[in-house]
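Here is the structure we will look at.
The values are calculated or read from the model by the stated rules, or taken from the named source; none is laboratory data. Owing to the predicted nature of the structure, the values given are computational and were not obtained by experimental measurement. For neighbour counting, all protein chains shown are included, and Cβ atoms are generated from backbone atoms with ideal geometry for every residue, glycine included.
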Amino acid sequence: MTGATLTWQRLRDLKRSEFEDAGDGWHEVSGRADADRVRTERAMTAKLRETQESDSARAAIGRLERLSRNFEYVHAEAGLIRTALNGLVAELAGPQKQLAQALEDAESLKFTVHADGSVSYPAAEGETLLGKQDHPGGSVQGNARLPLEAPGLSERPGLPGGRFNPNPNAAKAETIADLIARALRSATEIDDRYAKVLNKLKAAKGLDVTKATLADVFQDTASVRSTASKYLAQGIPWDESPAERKEWWEGLTKERQQEYLEVAPQLVGGLDGIPATVRDEANRNYLPVLIDELAGKEGEDARMKLDALRGIEAKLGEPSKVPMFLLGIGDEGNGRAIVAYGNPDTSRNVSAYVPGLGTKLDKGFVDDTLQRGLDTAVGARGYDSSSSAIVWLGYDAPNIATVTSTGSAEAGAPAYNQFMDGLDVTNQNKDPHVTAIGHSYGSLTVGTAARQDGGIPAADDIVLLGSPGVGVDKAEDLGVGKEHVFVGAADNDPVTHLPSKQQSGVGVLAMAGGPFVAYAAGDIADQGDDDVYFGKDPASEAFGARRFEVDDGPRPVLDAGGFDAHSQYFTPEKDKVSAENIALIVAGHPDRIKTEGWR
């Protein structure tokens, strides 16, 4: 195979196990190279740096670094060869099976398959207008241009194109010949495709592996990923539950898992039910691929997302007060990013925060939204070190033009629930404490998720911050018990004063009219009836949640505060009491929060 002319005889006799064995051999080479790289860096290079400062030591370190780059190159390229061989074997299985069926049909009918793929059939008696007559045998050549899924022998009683041969064997022979031709065509296409990529995976004699050479690995990986895409996507349980996905992942060989992580990380990095450390590794591997793709695109949207991705990449490379885990990344819609501070699989306390209006994959998300997750994690770990806080941008949050609709929340709620189900499946604690947090429009998304069948999976507590309503009139309707629903609503937060949609259209005007209009309209139109734009005010007595103390924040107009009071709930420097209350709830100590009266 791979380069020589492919005949049906070679396809028939192909021993796929030989390619599998070769793939296993390259896997061993890749693994040994990686182990040698680690030993070189940890046992030799690192110790020299720590103990020696001479010129000869620096020269030795340089040579060791070169050796390490060589090992890294061998590890990567050998792994790509392994994946290409595995993909070749997997894809050839189909046409080889199709050929075997055709040959079996020919043998059972006593037909002869010739070297060129044509099929001879014997004479037979057939019906004519004059009655039954003997009709001579013949030979037919297959049509390789037929669709690969063309009907089989039992489904084609006559010849195509309106032609008729009274010998009943003729149609059967043509069907078999077509199957052989199509199998050979398919196998040839597969063989040519993989031959092309395998021929690229060659190192020049005496190659000096430089950083530039390692950059070429990036392109080699892209070629293998594209060529073997069908093989790599095979068997992934896209439509199954997180529990079934976890079982699938754990059932894979280490070799297959490594293929996903190194060659096709985008296929598993966002798969709910996969362990956090695996998702993190996959998404860190995918991040430079996504950056490279966006760098080649025009337009403001691509530039915005590209800047954000580079910002996330920089954060991942910097020291952090709490370890970062990249649980999801993508450029679909307004962009996707799921970031955990602290490992959510090992933490006893896990929170997942859904941001609201205007949130997208941009500089503001990197600088501000992620900081809220970090502040929550730092605060919670002050009360229980086994705490993780997640920022979940797994949906398209609305902009000002669409914020009056529930559409974004309805689309985001199932995705959020599936993510939360995945957290429950992968968490290693017997009974983890899980908190769902919604801020601004994100509180409506959380509320909508809570109203789905079964509620938010594993959620013990729900925190609503700066909420314009959550789609229900009572806290008990959120599925966790009203004593487990917590609300933070600053008196100077315009969003928490938005009038309802029913109040003469004032609500719609307020949503788009800025902080003064929103704040004033709410007080004028909603005097005492406790309604806000998306239902009952979560901070009201009628709603029945536990309202915790927050700073009132600056007044929208008199203090020129705008929406500042809406944006500081998570920030200890601006609203220490709110940040501490959130941290206490996330850490599982709601009995210690500072409460305040309902509106």
Checked region 534-585 for anything more than 20 Å from Gly479 (Cβ to Cβ) and of a type in the set (D, E, K, R); matches are Glu541, Glu549, Asp551, Asp552, Arg555, Asp559, Asp564, Glu573, Lys574, Asp575, Lys576, Glu580
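Determine, yes or no, whether Ile291 is outside the structural domain of Gly394 (by TED's automatic domain parsing) and within 17 Å of the chain's Cα centre (by Cα). Talk me through it step by step, then tell me what you get.
Details: outside the structural domain of Gly394 (by TED's automatic domain parsing): yes; within 17 Å of the chain's Cα centre (by Cα): yes.
Here the answer is yes, as Ile291 does meet what is asked.
With the structure loaded, tell me whether Lys536 is basic (Lys, Arg) and either surrounded by fewer than 22 Cβ atoms within 10 Å (Cβ to Cβ) or out of contact with any Gly (no Cβ under 8 Å at 6 or more places or on another chain) (or both) or whether it fails that test. Working first, answer last.
Values: basic (Lys, Arg): yes; either surrounded by fewer than 22 Cβ atoms within 10 Å (Cβ to Cβ) or out of contact with any Gly (no Cβ under 8 Å at 6 or more places or on another chain) (or both): no.
Against the criterion (basic (Lys, Arg) and either surrounded by fewer than 22 Cβ atoms within 10 Å (Cβ to Cβ) or out of contact with any Gly (no Cβ under 8 Å at 6 or more places or on another chain) (or both)), Lys536 does not qualify.
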Given (1) assigned to a strand (DSSP E or B); (2) surrounded by 21 or more Cβ atoms within 10 Å (Cβ to Cβ), Lys132 misses just (2)
I'd like to check something: does region 103-126 contain any residue that is modelled with pLDDT under 75, on the phi > 0 side of the Ramachandran plot and not aliphatic (A, V, I, L, M)? no
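When the residues of region 1-46 are narrowed to those that are of a type in the set (Val, Ile, Thr) and touching an Asp or Glu at 6+ places or on another chain (Cβ under 8 Å), which ends up farthest from Gly79 (Cα to Cα)?
Taking region 1-46 and keeping what is of a type in the set (Val, Ile, Thr), we get 2, 5, 7, 29, 38, 40, 45.
Of the ones still in play, those that are also touching an Asp or Glu at 6+ places or on another chain (Cβ under 8 Å) are 2, 45.
Numbers: Thr2: 18, Thr45: 25 Å.
Result: Thr45.
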Just a yes or no: is a residue in region 53-62 among the hydroxyl-bearing types (Ser, Thr, Tyr), exposed (fewer than 15 other Cβ atoms within 10 Å of the Cβ) and assigned by TED's automatic domain parsing to the domain that holds Asp220? yes
Counting only residues that are at pLDDT 95 or above, touching a helix residue (DSSP H, G or I) at 6+ places or on another chain (Cβ under 9 Å) and part of a loop (DSSP other than H, G, I, E, B), region 298-322 contains a total of 1
Ala415 passes all but one of the listed conditions (1) closer than 22 Å to Ala450 by Cα; (2) buried (at least 24 other Cβ atoms within 10 Å of the Cβ); the exception is number (2)
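Scan region 413-456 for residues that are among the charged types (D, E, K, R) and in a helix (DSSP H, G or I) and report the count. Let's see the steps before the verdict.
Initial filter on region 413-456 (among the charged types (D, E, K, R)): 421, 424, 430-431, 451, 453.
Right, trim to in a helix (DSSP H, G or I) and you get 421, 424.
Of the residues in that region, 2 qualify.
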Restricted to region 127-152 and to residues being within 27 Å of Thr5 (Cβ to Cβ) and either among the hydrophobic types (A, V, I, L, M, F, W, C) or touching a Gly at 6+ places or on another chain (Cβ under 9 Å) (or both), the residue modelled with the lowest pLDDT is Ala150
Considering residues that are among the β-branched types (Val, Ile, Thr) and farther than 29 Å from Ser408 by Cβ, the number found within region 323-346 is 1
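Taking Gly522, is it of a type outside the set (A, V, I, L, M, F, W, C), modelled with pLDDT under 95, out of contact with any strand residue (DSSP E or B) (no Cβ under 9 Å at 6 or more places or on another chain) and in the same structural domain as Val378 (by TED's automatic domain parsing)?
Details: of a type outside the set (A, V, I, L, M, F, W, C): yes; modelled with pLDDT under 95: yes; out of contact with any strand residue (DSSP E or B) (no Cβ under 9 Å at 6 or more places or on another chain): no; in the same structural domain as Val378 (by TED's automatic domain parsing): yes.
So Gly522 does not fit the description; no.
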With criteria (1) under 24 Å from Pro572 (Cβ atoms); (2) under 23 Å from the mean Cα position of the chain (by Cα), Asp375 comes up short on (2)
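Can you tell me which residue among Ile400, Ile338 is over 16 Å from Val463 (Cβ atoms), over 20 Å from the mean Cα position of the chain (by Cα) and either in the same structural domain as Gly535 (by TED's automatic domain parsing) or crowded, with 24+ Cβ neighbours inside 10 Å (or both)?
Result: Ile400 is the single residue among Ile400, Ile338 that is over 16 Å from Val463 (Cβ atoms), over 20 Å from the mean Cα position of the chain (by Cα) and either in the same structural domain as Gly535 (by TED's automatic domain parsing) or crowded, with 24+ Cβ neighbours inside 10 Å (or both).
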For Ile329, are the conditions met, namely being in a strand (DSSP E or B), buried (at least 20 other Cβ atoms within 10 Å of the Cβ) and in contact with a Lys or Arg (Cβ under 8 Å, 6 or more places away or on another chain)? yes
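Answer yes or no: is there a residue in region 558-576 that is in contact with a strand residue (DSSP E or B) (Cβ under 6 Å, 6 or more places away or on another chain) and either at pLDDT 95 or above or outside the structural domain of Ala458 (by TED's automatic domain parsing) (or both). Full working, then the answer.
At the first step, the residues of region 558-576 found to be in contact with a strand residue (DSSP E or B) (Cβ under 6 Å, 6 or more places away or on another chain) are 569.
Those still in the list that are either at pLDDT 95 or above or outside the structural domain of Ala458 (by TED's automatic domain parsing) (or both) too: 569.
Yes, region 558-576 contains at least one residue that is in contact with a strand residue (DSSP E or B) (Cβ under 6 Å, 6 or more places away or on another chain) and either at pLDDT 95 or above or outside the structural domain of Ala458 (by TED's automatic domain parsing) (or both).
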Looking across region 67-102 at residues that are among the basic types (Lys, Arg) and over 30 Å from Ala124 (Cβ atoms), the single one that is modelled with the lowest pLDDT is Arg69
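Would you be able to tell me the number of residues in region 87-121 that are in a loop (DSSP other than H, G, I, E, B) and either touching a Cys at 6+ places or on another chain (Cβ under 6 Å) or of a type in the set (Phe, Trp, Tyr) (or both)? Don't jump to the end; show me each part of the working.
Within region 87-121, the subset in a loop (DSSP other than H, G, I, E, B) is 109-111, 114-118.
Okay, now just the ones that are also either touching a Cys at 6+ places or on another chain (Cβ under 6 Å) or of a type in the set (Phe, Trp, Tyr) (or both), so 111.
So the answer is 1.
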